1. Sorted by packing (mean other beta-carbon atoms within 10 Å per residue), highest first, where do 112-123, 42-53, 146-157 land?
2. From the P(r) of region 226-274, could you give the percentage of C-alpha pairs in the tail past 12 Å?
3. Ranking Ile293, Ile255, Ile239, Ile183 by Cβ neighbours within 10 Å, fewest first, what do you get?
4. From the backbone phi of region 266-281, what are the Karplus-calculated ³J(HN,Hα) couplings (6.51 cos²θ - 1.76 cosθ + 1.60, θ = phi - 60°) in whole Hz, Gly and Pro given as x?
5. Can you pull the Rg over Rh of region 152-262, Cα-only, Kirkwood?
6. I want the local charge near Gly141. Using Cβ-Cβ distances under 13 Å, sum +1 for each Lys or Arg and -1 for each Asp or Glu among the other residues.
7. How long are the three semi-axes of the equivalent ellipsoid of region 93-159, in whole Å, if each is the root of 5 times an eigenvalue of the C-alpha gyration tensor, listed from largest down?
8. Pairs of Cα atoms under 8 Å, at least six residues apart: use those to get the relative contact order of region 107-246, whole percent.
Amino acid sequence: MDNKRYNLKEVMSKPERLSPGHRMCAGCGGTIAVRGVLRALHEGDHAVIGNATGCLEVSSYMYPYTAYEDSYIHNAFENAGATMGGVETAFKALKKRGRLKEDFKFITFGGDGGTYDIGFQSLSGAMERGHDMVYVCYDNGAYMNTGIQRSSATPQFADTTTTPVGKESNGKIQYRKDLSAIIAEHKVPYVAQTTFLGNFKDLHTKAERAIYTPGAAFLNIMAPCPRGWRYNTPDIMEICKLAVETCYWPIFEVIDGKWMLSYEPKKKLPIEDFLRPQGRFKHLFKPGNEELIVKFQEEVDRRWEDLLFRCSQE
């Protein structure tokens, strides 16, 4: 799998497993993430798709209809990990008894609200138990479905409806949670962080590894939301590129506990390049707020150096 040549035309011409006609916003990062992950399934393989409540769920499923070509389960905000863990366990039991002949892959999607926050206990339990499943977080940095409220994935100083910028506030005061590192500490076989870059090779490769690595796997995908981040919708690929080139969203893998950097910028860009195109950070560029950008840069640098150290130790 690692040595397989990546053929963009071949990958993109695969039959869609997320059908058109859903109600996701134009330019939605979540939709791109789902389509990218499902393209990594090998042709002919069966899958069961789980989905925590959120933007993706309400827009791709309305009982009794779903946009998914595979078997689909919608569950509550807080239990996507437990639901898919239960399905995977039931599958193994039925397969052992000879009641099922086909093999299935088990993939659950959740936004950052349903993954970093409300569903964290369920996710942690599923990872710790080692179910043969993939949990995919499409991280758009807030509770976008219910009105752009802050989550623990929301970056510091972001303007949201529950951390509004004004005379007395500069946005969210807390740092964002590093969930990929937290899940890596569960000692699962595979953890990866990625986003939408170039020809999608990084996303495809990591999704395939996650799906076909035996045991529990976690994939964290930065999936920008034009509505919540307030950038020019066609610029989504540029936003993702800037997130990587500024090291705000580094891309890496943790395979059997070994940390490996997927990409290191030749020239690390200043964090202003990532922040400036986004309306949620426009207050940072007002006179007198220079120290806020300095503080943001310091945290990005600290996390980047920590990641480089982890990778060098391995």
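Please treat every number below as a calculation from the coordinates, not as lab data. What you are looking at is a predicted structure, and each value in this text was computed from that prediction instead of being measured. Cβ sites come from the backbone with ideal geometry, for glycine too, and all protein chains shown count toward neighbours.
1. Working: 112-123: 25.4, 42-53: 18.3, 146-157: 20.4.
With the highest mean Cβ count within 10 Å placed first, the list reads 112-123, 146-157, 42-53.
2. The calculated P(r) of region 226-274 puts 66 percent of pairs beyond 12 Å.
3. Values: Ile293 18, Ile255 15, Ile239 21, Ile183 26.
Going from least to most buried by this count: Ile255, Ile293, Ile239, Ile183.
4. Computed from phi, the couplings for region 266-281 are 5, 9, 5, 7, x, 4, 4, 5, 7, 6, 4, x, 9, x, 5, 10 Hz.
5. Working: Rg = 15.8 Å, Rh = 15.4 Å.
My calculation of the ratio gives 1.02.
6. Details: positive: Arg150, Lys172, Arg176, Lys177, Arg227, Arg230, Arg280; negative: Asp112, Asp117, Asp139, Asp159.
Net charge around Gly141: +3.
7. Values: eigenvalues 223, 28, 14 Å².
Over the Cα atoms of region 93-159, the ellipsoid semi-axes are 33, 12, 8 Å.
8. On the way: 253 pairs, mean separation 35.2, N = 140.
Computed over region 107-246, the figure is 25 percent.
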